[in-house]
Amino acid sequence: MLPDIRSLTRDELAARFTEWAQPGYRVDQLLSWLYARRAVSWESMSNLPKSLRTQLSSAFALRPLELAGRQGAVDTTQKFLWRLADGALIESVLIPASPALYGEASDRHTLCVSTQVGCAYGCKFCASGLDGWKRHLQPDEIVEQVLATERIASAAPSSTPAAAADEKSVVTSESANAESRVVNNLVIMGMGEPLANYDNLIKALRILNAPWGGGIGARKITISTSGLAPQIRRLASEPLQFRLAISLHGATDATRNRIMPINRKYPLAELTAAIEDYQRRRDRLITFEYILIAGVNDAVSETAPLAALAKRLHAKVNLIPYNKVDGLPWQRPSESVQDAFLAALEKLDVTATLRREKGHDIDAACGQLRLRKMSELANQ
Ligand code: SF4
């Protein structure tokens with residue numbers, strides 16, 4: 001299979017154009033088609049000579065994601081289910097501006113992207129790992145989640161989720177609203193453990209960050225990990241300053257061991273040492289994601305170790321009430337339990353937010369829409 005052209009950096013493309021004896025300005029014309037206009041076909045690149053388009057199409061693929069399903073209304077959280085070229089399904093979630101989370105008041109949209117098909121890490125509460133790990137996403141498959149979402153958002157919006165459900169195709173509104181960016185915050189928190197697909201992820205983020213590419217500031221890109229300590233240390237040496245979030249979900253080894261197998265490999269002592277190393281070399285401000293699960297990690301007694309960790313590591317805590325996953329026994333705590341947990345943390349001088357998911361009614365837990373679609377396809 002030919003490599004998709006969105007897996008190449010500007011330097012790599014420029015080297016290829018030099019080999020082909022093409023003038024340098026052609027590289028910028030091509031990049032404009034790929035990232036400003038979000039083109040989905042070579043034919044549409046009208047200011048490139050036909051001979052160059054033919055040469056490009058024989059060396060590279062341009063594989064737009066196919067929209068296989070969509071949930072949510074235009075002005076709320078929307079979930080997109082994408083079909084990849086090999087038929088595998090992945091999800092992205094588009095979340096409207098939320099100043100309290102990763103962005104600022106002026107932010108427009110945050111996109112949560114996937115980095116793997118399935119997940120090998122097997123967190124007990126998560127739908128993404130239920131069907132096991134299939135493969136890493138290539139850089140273009142990560143980049144294209146942003147471009148495909150922007151194509152949809154720039155096209156005439158569907159007025160209802162029901163209407164949207166009929167859109168099962170490649171969205172081709174490549175020139176609509178071409179210069180505008182819809183996604184200006186990225187969270188790498190969808191299906192998969194991002195740092196397990198390290199090289200492809202970092203390459204994709206370089207492309208999404210570059211002024212010639214996605215144009216998304218590195219400080220607006222948050223990488224979330226379940227706790228791969230060695231890769232956190234590696235991330236500290238990256239030239240770009242991405243933000244780091246830790247999917248903590250438990251502040252003691254006993255709690256994390258119960259729900260996150262990764263903790264047996266990298267227990268809290270090792271994870272926190274890696275975070276401290278990252279903070280010495282990079283950003284001190286990190287985020288702890290903490291999914292509140294009834295009877296597992298939602299007791300007020302859990303707030304003391306959580307507060308101690310948060311203060312030691314200068315972490316803000318995002319509390320996320322659990323979204324029920326079909327086939328798993330875990331439950332969301334009542335709102336009074338959620339509120340009591342937040343209040344106890346705040347009393348301990350921890351900066352914390354409680355994120356009552358807007359997407360609760362749309363299979364909001366990561367991986368749920370994909371699982372449902374796969375079982376529909378299996379039953380056809
Ligand atoms: S929570 Fe993240 S790391 Fe854990 S199984 Fe789900 S996708 Fe994988």
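For this structure, a couple of remarks:
- From the alpha carbon centroid of region 17-49 to that of region 288-358 is 48 Å.
- Once the 1.4 Å probe is applied to the protein heavy atoms, region 1-47 comes out at 47 Å² accessible per residue.
- Looking at region 182-295, the accessible area is 32 square angstrom per residue; that uses a 1.4 Å probe and ignores ligands, DNA and RNA.
- A Cβ-based charge dipole, computed about the Cα centre of region 56-97 with Lys and Arg at +1 and Asp and Glu at -1, lands at about 40 debye.
- Contour minus Cα-Cα distance for Ala59 and His314 (0.36 nm per residue): 87.0 nm
- Accessible surface of region 19-87, 1.4 Å probe, proportion on carbon and sulfur as whole %: 49
- Under 5 Å between amide hydrogens, built in the peptide plane, is the criterion, and for Leu137 it picks out Gln116, Val117 among residues at least 5 positions away or on other chains.
- In Hz, Karplus ³J(HN,Hα) per residue of region 247-261 (6.51, -1.76, 1.60; θ = phi - 60°; x = Gly, Pro): 7, 8, 6, x, 9, 10, 4, 4, 5, 5, 4, 5, 10, 10, x
- For region 1-87, applying the loop criterion from DSSP together with a ceiling of 11 other beta carbons within 10 Å to the GluC sites (Glu not before Pro) yields Glu43.
- Nonlocal amide H pairs with Ala68, under 5 Å, H built at 1.01 Å: Leu81, Trp82, Arg83
- Leu186 long-range amide H proximity, modeled H, under 5 Å: Leu111, Ile221, Thr222
The values are calculated or read from the model by the stated rules, or taken from the named source; none is laboratory data. Please read these numbers as outputs of a predicted model, since none were measured by experiment. Methodologically, a virtual Cβ is constructed for each residue, glycine included, from the backbone with ideal geometry; neighbour enumeration extends over all protein chains shown. Just so you know, the surface numbers come from the protein's heavy atoms only, side chains and all, with ligands and any DNA or RNA stripped out. Shrake-Rupley method; radii C 1.70, N 1.55, O 1.52, S 1.80 Å.
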